[in-house]
Amino acid sequence: MNSTDETQSAMNPDHASTSSSHKITGCVITLNEAHNIEDCLRSLAQVCDELIVVDSGSTDTTCELARHMGATVIDQPYLGDGPQKNVGPARASHRWVLSLDADERLTEGAVVAIRELSLDSTPHDGFALRRRNFIGSRWVRHAGWYPDYCLRLYDREKIAFRDSRQHSSVQSINPCELDADLEHYSFANLGELFVKASGRFSNRAAKIMYQKGKRANAFTPFLHGSNAFMRKFVFQAGFRDGVDGFSVALSASVNAYLKYAKLLEFQRDAKVREAEDFNKVW
C-alpha cells in the first residue's frame with residue numbers, strides 16, 4: 001500500500017468494523033521497524049478503527065511510515081515489555097485493544113474471526129489467537145512453536161499486560177481461544193535465530209537472573225542446555241520439522257546454556273561483572 005488513497009481505504013471504518021458496536025484500537029510497540037511497520041499496520045487496519053504506535057527511539061523511518069499509515073505515534077523510552085505495551089492502550093479511544101508486535105500479521109482467518117465477534121455482549125475479557133512462528137518464510141509447526149496461543153484482543157477496562165519487563169502477556173480472567181492464526185516473522189534466517197539466542201536474549205536473561213539473586217553452579221549451564229534441547233527436539237517433536245526443528249532445539253539449548261554460563265561468570269569474575277552495565281538490561 002503506497003498511495004494515500006490506499007491508506008485511507010485501509011483505514012475506512014466500514015472496512016474495519018466488527019459485527020459489534022464496539023470499535024477496536026490496534027497497538028504496536030516499535031524500535032527501528034521500518035521494514036515491518038507498514039505490513040503490520042495494514043494488517044491491523046482490516047479490523048481496527050484506530051492505530052497507535054509506541055516508539056522507543058527509532059532512528060530509521062518507522063515513525064514517518066506509521067504516521068503515513070494513519071497511526072498516532074507516541075514517543076516513549078523503553079520501559080520493558082509489559083509496561084511498554086500498556087502505554088498505547090492507556091491512550092486508546094476504544095475499550096477493545098488488539099496488540100501485535102511489528103513482525104506479526106493477522107491471517108485472513110483471523111480477520112474473519114475478529115469481525116464476527118460480538119464484543120458488546122461477549123462474556124469474555126480477552127481472545128487468544130494461535131501463532132505461526134516462521135524462520136524466513138518457513139512455518140515451524142512443532143518444537144513448541146505451534147499452536148503457541150497468544151491473547152492479543154482484550155478489554156482494556158478489565159485487563160492489561162502484566163507488569164513484567166520480559167516476555168509479558170495479558171492476564172485474562174475469562175479468555176476465549178479463537179479458531180484462527182496470526183503469523184510471526186521473528187527470524188529472517190537460521191543465522192539470526194542463533195545470533196539472537198546467543199547474543200542479547202541470553203545476556204539479558206543472565207542480567208535479570210543476577211539482579212534477582214539467582215545463582216548457578218558448574219553443572220547448571222549443561223543441565224539447562226541439555227534439557228532445553230530434549231524438550232524441543234524430542235518431547236515437543238521438533239524432529240518432525242527436520243533441519244528447522246533441529247535448529248530451533250539447538251538454538252534453545254544454546255540460549256539456555258549461555259544464560260546460565262553468563263550468570264555463573266557474573267558470580268565468579270568481578271572484572272566481567274564490573275564491565276557490564278546492569279542499568280541497561282533492555
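Worth a mention:
- Any hit, the stretch 149-158, residues being in contact with a helix residue (DSSP H, G or I) (Cβ under 9 Å, 6 or more places away or on another chain) and in a loop (DSSP other than H, G, I, E, B): yes
- Residue match in the stretch 182-189 (condition: more than 26 Å from F233 (Cβ to Cβ) and crowded, with 18+ Cβ neighbours inside 10 Å): no
- Count of the stretch 32-88 residues, restricted to those that are farther than 22 Å from V170 by Cα, among the acidic types (D, E) and buried (at least 21 other Cβ atoms within 10 Å of the Cβ), is 1.
- Breaking point among (1) open to solvent by less than 50 Å² (accessible area, probe 1.4 Å); (2) at pLDDT 95 or above; (3) closer than 21 Å to N133 by Cβ, for A216: (3)
- Residues that are part of a helix (DSSP H, G or I), touching a residue at least 40 places away in the same chain (Cβ under 8 Å), of a type in the set (A, V, I, L, M) and in contact with a helix residue (DSSP H, G or I) (Cβ under 9 Å, 6 or more places away or on another chain) do not occur anywhere in the stretch 211-223.
- The one condition in (1) in a loop (DSSP other than H, G, I, E, B); (2) open to solvent by less than 80 Å² (accessible area, probe 1.4 Å); (3) of a type in the set (V, I, T) that I208 fails to fulfil: (1)
- Of the criteria (1) in contact (Cβ under 8 Å) with a residue 40 or more places away in the chain; (2) in contact with a helix residue (DSSP H, G or I) (Cβ under 8 Å, 6 or more places away or on another chain); (3) not hydroxyl-bearing (S, T, Y), which one K85 fails: (2)
- Looking only at residues in the stretch 146-164 that are open to solvent by 30 Å² or more (accessible area, probe 1.4 Å) and charged (D, E, K, R), the one that is nearest to P123 (Cα to Cα) is K158.
- Scanning the stretch 91-112 for residues that are assigned to a helix (DSSP H, G or I), open to solvent by 20 Å² or more (accessible area, probe 1.4 Å) and either in contact (Cβ under 8 Å) with a residue 12 or more places away in the chain or among the β-branched types (V, I, T) (or both) turns up G109, V112.
- Only one of the listed residues (V248, V254, V234) is open to solvent by less than 30 Å² (accessible area, probe 1.4 Å) and either part of a loop (DSSP other than H, G, I, E, B) or closer than 30 Å to W139 by Cβ (or both). That residue is V248.
- Cβ pairs under 8 Å, 6+ apart, first in the stretch 115-129 and at pLDDT 95 or above and open to solvent by 80 Å² or more (accessible area, probe 1.4 Å), second among the charged types (D, E, K, R) and not in a helix (DSSP H, G or I): none
The values are calculated or read from the model by the stated rules, or taken from the named source; none is laboratory data. Since the model is a prediction, treat every value here as computed from it, not as a measurement. Every residue, glycine as well, gets a Cβ built from its backbone with ideal geometry; the counts of neighbours run over all protein chains shown. Heavy atoms of the whole protein, side chains included, go into the accessibility calculation; ligands, DNA and RNA do not. Shrake-Rupley method; radii C 1.70, N 1.55, O 1.52, S 1.80 Å.
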